[in-house]
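Enquirer: Quick one: the structure is below, questions incoming.
The values are calculated or read from the model by the stated rules, or taken from the named source; none is laboratory data. Remember, predicted model here, so these are calculated numbers, not experimental data. A quick note on method: Cβ atoms are made from the backbone with ideal geometry, for glycine too, and the neighbour counts reach across all protein chains shown.
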């Protein structure tokens with residue numbers, strides 16, 4: 001298995017795949033990104049060990065199955081390559097164009113996109129019939145769901161092969177049609193966007209909104225806390241895909257979300273979003 005992108009999603013997919021016996025080529029554009037990913041994977045495996053989920057021997061076994069790569073040439077040995085780059089269509093299209101010439105004839109390409117058209121991404125490759133959406137949930141080692149999305153040209157063999165692989169990883173499948181943001185984000189991100197509008201319009205504070213949804217709707221995490229966890233840039237990207245793709249004003253990204261992204265307040269990954277994470281306890285920024 002090849003994985004392109006060693007960030008939050010890519011290293012999670014590599015973790016789960018290697019733990020379940022797959023040999024993984026983990027690619028990124030910088031050695032620093034790959035080193036950080038391997039450190040994250042080791043830390044997450046050790047956390048699973050402490051919780052009794054895996055055995056001590058599983059750690060070395062999983063890590064030994066992951067081969068770092070700065071180039072795409074090793075992907076020629078892969079049966080499937082999962083693109084897990086940032087949620088930006090231009091970036092994904094550029095990667096997929098380069099990838100096509102570095103694969104065996106029967107290799108499958110999957111995209112971990114959370115919102116972008118699978119049919120449109122498949123069209124830039126040399127194998128749209130062997131292209132599929134494989135949207136893992138974050139954090140990958142903990143979340144059980146994978147959305148599988150067929151593009152217009154995706155054939156049955158590709159779908160059944162990838163579905164079997166997802167089950168081998170211990171995941172449950174939800175099949176989605178190729179519409180903007182698929183199932184999970186079509187429902188989840190507008191809720192988060194509405195929570196941001198509720199903050200923007202002064203209906204409640206960050207703390208009040210998150211407390212209301214945790215205790216009033218029994219959500220494990222408030223919507224603004226969840227937005228920070230997802231990444232506000234990713235949340236904005238998904239809302240823009242929904243707004244552009246469905247042309248419905250109810251999907252218009254909240255101006256406050258846009259402002260936070262413009263400020264670089266992207267959530268947990270940068271230490272500041274709707275909460276400030278610089279101290280021991282997150283503090284609301286509004």
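Enquirer: Only residues in region 44-62 that are over 23 Å from residue 1 (Cβ atoms) count as the first member; pair them with residues that are not in a helix (DSSP H, G or I), Cβ under 6 angstrom, at least 6 apart or cross-chain, and list the lot.
Expert: That search, which allows pairs on different chains as well, returns nothing.
Enquirer: Touching a helix residue (DSSP H, G or I) at 6+ places or on another chain (Cβ under 7 Å), outside the structural domain of residue 264 (by TED's automatic domain parsing) and under 29 Å from residue 90 (Cβ atoms): is that true of residue 235 in this structure? Reasoning before the result, please.
Expert: Working: touching a helix residue (DSSP H, G or I) at 6+ places or on another chain (Cβ under 7 Å): yes; outside the structural domain of residue 264 (by TED's automatic domain parsing): no; under 29 Å from residue 90 (Cβ atoms): yes.
It is false that residue 235 is touching a helix residue (DSSP H, G or I) at 6+ places or on another chain (Cβ under 7 Å), outside the structural domain of residue 264 (by TED's automatic domain parsing) and under 29 Å from residue 90 (Cβ atoms).
Enquirer: Would you check which residues across region 36-54 are closer than 16 Å to residue 16 by Cβ and not in a helix (DSSP H, G or I) and list them? Give the derivation first.
Expert: Of region 36-54, the ones closer than 16 Å to residue 16 by Cβ are 37-38, 40-49, 51, 53-54.
Of everything in region 36-54, those that are closer than 16 Å to residue 16 by Cβ and not in a helix (DSSP H, G or I) turn out to be 51, 53, 54.
Enquirer: Within region 245-286, which residues are under 22 Å from the mean Cα position of the chain (by Cα) and on the phi > 0 side of the Ramachandran plot?
Expert: 264, 267, 271
Enquirer: Next question. Assess whether residue 269 counts as being at pLDDT below 95, more than 22 Å from residue 90 (Cα to Cα) and assigned to a helix (DSSP H, G or I). Before you say what the answer is, go through the steps one by one.
Expert: Details: at pLDDT below 95: yes; more than 22 Å from residue 90 (Cα to Cα): yes; assigned to a helix (DSSP H, G or I): yes.
Yes: the conditions hold for residue 269.
Enquirer: Out of all the residues in region 197-218, is one or more part of a loop (DSSP other than H, G, I, E, B), within 20 Å of residue 88 (Cα to Cα) and touching a helix residue (DSSP H, G or I) at 6+ places or on another chain (Cβ under 7 Å)?
Expert: Our first condition is that a residue be part of a loop (DSSP other than H, G, I, E, B); within region 197-218, this holds for 201-205, 217-218.
The next check asks that each one be within 20 Å of residue 88 (Cα to Cα); those that pass are none.
Looking through region 197-218, none of the residues is part of a loop (DSSP other than H, G, I, E, B), within 20 Å of residue 88 (Cα to Cα) and touching a helix residue (DSSP H, G or I) at 6+ places or on another chain (Cβ under 7 Å).
Enquirer: Would you pick out the residues in region 86-114 that are modelled with pLDDT under 95, under 24 Å from residue 239 (Cβ atoms) and touching a helix residue (DSSP H, G or I) at 6+ places or on another chain (Cβ under 6 Å)?
Expert: Once the filter is applied, which keeps residues that are modelled with pLDDT under 95, under 24 Å from residue 239 (Cβ atoms) and touching a helix residue (DSSP H, G or I) at 6+ places or on another chain (Cβ under 6 Å), region 86-114 yields 87, 114.
Enquirer: Go through region 168-206 and give me each residue that's in contact with a strand residue (DSSP E or B) (Cβ under 7 Å, 6 or more places away or on another chain) and either within 27 Å of residue 246 (Cβ to Cβ) or surrounded by fewer than 17 Cβ atoms within 10 Å (Cβ to Cβ) (or both). Outline the logic, then answer.
Expert: From region 168-206, those in contact with a strand residue (DSSP E or B) (Cβ under 7 Å, 6 or more places away or on another chain) are 171-176, 178, 182-184, 205-206; that's our starting set.
172, 173, 174, 175, 176, 178, 182, 183, 184, 205 - these are the residues of region 168-206 that are in contact with a strand residue (DSSP E or B) (Cβ under 7 Å, 6 or more places away or on another chain) and either within 27 Å of residue 246 (Cβ to Cβ) or surrounded by fewer than 17 Cβ atoms within 10 Å (Cβ to Cβ) (or both).
Enquirer: Can you tell me which residues in region 213-244 are surrounded by fewer than 17 Cβ atoms within 10 Å (Cβ to Cβ) and over 20 Å from the mean Cα position of the chain (by Cα)?
Expert: 214, 215, 216, 217, 218, 219, 244
Enquirer: Any idea how many residues of region 10-46 are modelled with pLDDT under 95 and closer than 20 Å to residue 170 by Cα?
Expert: Count: 0.
Enquirer: Please work out which one of (1) closer than 19 Å to residue 131 by Cα; (2) within 16 Å of the chain's Cα centre (by Cα) is the condition residue 41 fails and give its number.
Expert: With respect to (1) closer than 19 Å to residue 131 by Cα; (2) within 16 Å of the chain's Cα centre (by Cα), residue 41 is out only on (1).
Enquirer: Would it be correct to say that residue 154 is out of contact with any helix residue (DSSP H, G or I) (no Cβ under 6 Å at 6 or more places or on another chain) and buried (at least 22 other Cβ atoms within 10 Å of the Cβ)?
Expert: Values: out of contact with any helix residue (DSSP H, G or I) (no Cβ under 6 Å at 6 or more places or on another chain): yes; buried (at least 22 other Cβ atoms within 10 Å of the Cβ): yes.
Answer is yes for this residue.
Enquirer: Follow-up question, since we're still on this one. Taking only region 9-33 into account, find how many residues are assigned to a helix (DSSP H, G or I) and surrounded by fewer than 21 Cβ atoms within 10 Å (Cβ to Cβ). Lay out the reasoning, then the answer.
Expert: First pass over region 9-33, keeping only residues assigned to a helix (DSSP H, G or I): 9-19, 31-33.
Now restrict to residues that are surrounded by fewer than 21 Cβ atoms within 10 Å (Cβ to Cβ): 31-33.
Of the residues in region 9-33, 3 are assigned to a helix (DSSP H, G or I) and surrounded by fewer than 21 Cβ atoms within 10 Å (Cβ to Cβ).
Enquirer: Next question. Any residue that is touching a strand residue (DSSP E or B) at 6+ places or on another chain (Cβ under 6 Å) and either surrounded by 15 or more Cβ atoms within 10 Å (Cβ to Cβ) or over 20 Å from residue 24 (Cβ atoms) (or both) - is there at least one of those in region 99-106? Give the steps one after another, and end with the answer.
Expert: So the first thing to find is which residues in region 99-106 are touching a strand residue (DSSP E or B) at 6+ places or on another chain (Cβ under 6 Å), and the list is none.
No, because not a single residue in region 99-106 is touching a strand residue (DSSP E or B) at 6+ places or on another chain (Cβ under 6 Å) and either surrounded by 15 or more Cβ atoms within 10 Å (Cβ to Cβ) or over 20 Å from residue 24 (Cβ atoms) (or both).
Enquirer: Taking region 43-58 on its own, how many of its residues are within 16 Å of residue 24 (Cβ to Cβ) and either loosely packed, with under 15 Cβ neighbours inside 10 Å or not assigned by TED's automatic domain parsing to the domain that holds residue 11 (or both)? Working first, answer last.
Expert: Going through region 43-58, the residues within 16 Å of residue 24 (Cβ to Cβ) turn out to be 44-45, 58.
Right, trim to either loosely packed, with under 15 Cβ neighbours inside 10 Å or not assigned by TED's automatic domain parsing to the domain that holds residue 11 (or both) and you get none.
Number satisfying all stated conditions: 0.
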